[in-house]
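The values are calculated or read from the model by the stated rules, or taken from the named source; none is laboratory data. Please read all numbers here as calculations on a predicted model, not as lab measurements. Quick reminder, even Gly has a Cβ in these numbers, built from the backbone with ideal geometry, and neighbours come from all protein chains shown. The protein model used for the area step is the full one, side chains on, heavy atoms only, and it has no ligands, DNA or RNA in it. Shrake-Rupley method; radii C 1.70, N 1.55, O 1.52, S 1.80 Å.
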Amino acid sequence: MRPLDLSKLRPFYMVAREGSMTKAAAKLNVSQPSLSVLIGDLEYNLKTQLFERLPAGVRLTAHGEELYAFAETIIQQTDSFEKKFHEKEDEISGDLKIVTTPFTGTNWLVPALKDFLKKHPDIKIKILLRSEDFSPIDGDVVISALIPHQPHLIQKPLFSVNIRLFASSEYLKRFGIPQSIEDLNHHRLITYKGNYYTAYGSTNWVLNVGIKAGQAPRTSYFEIDSLQGMFISAQMGYGIAELPDLFITPECGLIEVIPTLVGPTVDLYYIFPENRRNSKKIDKLFQYLLKKGRPKY
């Protein structure tokens, strides 16, 4: 076996994350054939198959999973070191990449940053929206629920949100206002796709709340794989949606349904690599967002 060529780790990691040679090549700005050759060379050098080739992409083998875990650690450490090396501890300028959910980024973070950008005009904010797979590799800071089993990350709590039920006045006028959990059985429910897990925790609580043992859960009327899509669907009068209460204001046109019924609580965290704890701009943004807090509900 030849020594592991560390320069091939990032391309390998990208292919594994994307599950596709074509998508990874586009992100790496290389041709798909050249990336395939590189992965083939890596497999040849390691004397093992790293990917199973599928009709619509690739999937990691058992040995590929082992290398992926190693590659993720190396890439995170390398990226963090480079950022720390090129950044002065007292520097309040340059790029600051923030990874968060589309819903949080669009509805809370973008409006919240207005005063911060006025105060620190030399910081250039870049927001990367991710529905899942929150990796600190992609940015300087992640704002999401707690990322488990990551001892190299500092995860500072920002605030909590609750899942509640909302509908438009148009919908409630047409179908009536539910007064109890049992009334939900006769309403149109908007849910996230399937029984899925998002950065706000497990979804489709509304399908199961109040259901007794042995009873079938409620069924969705309208299903979409986007919290922003659920929000807009509720505004359009399609049904009752479970949404984080962080962004619901009177101006958005949604009315809370069964206010005494409160769903799961989700804590949002400000997350960054431990070796960047002395970054002035990362700390400045945290102190600002902590003071800003969540919008009043």
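Points worth noting:
- Residue ID - modelled with the highest pLDDT, chosen from residues in the stretch 83-129 that are polar (S, T, N, Q) and open to solvent by less than 30 Å² (accessible area, probe 1.4 Å): T100
- Checklist (1) part of a helix (DSSP H, G or I); (2) crowded, with 16+ Cβ neighbours inside 10 Å applied to V58, failing item: (1)
- Of all the listed residues (E72, E43), the sole one being without any contact (Cβ under 8 Å) to a residue 60 or more places away in the chain, open to solvent by 20 Å² or more (accessible area, probe 1.4 Å) and out of contact with any His (no Cβ under 8 Å at 6 or more places or on another chain) is E43.
- Condition check for K173: outside any strand (DSSP E or B), out of contact with any Leu (no Cβ under 9 Å at 6 or more places or on another chain), open to solvent by 80 Å² or more (accessible area, probe 1.4 Å) and within 30 Å of I258 (Cβ to Cβ): yes
- In the stretch 254-283, of all residues being closer than 30 Å to G176 by Cα, open to solvent by 40 Å² or more (accessible area, probe 1.4 Å) and over 17 Å from the mean Cα position of the chain (by Cα), the one that is modelled with the lowest pLDDT corresponds to P264.
- The set of residues in the stretch 199-250 being of a type in the set (D, E), modelled with pLDDT of 90 or more and open to solvent by 70 Å² or more (accessible area, probe 1.4 Å) consists of E223 alone.
- Checklist (1) more than 25 Å from D138 (Cα to Cα); (2) modelled with pLDDT of 90 or more applied to Y44, failing item: (2)
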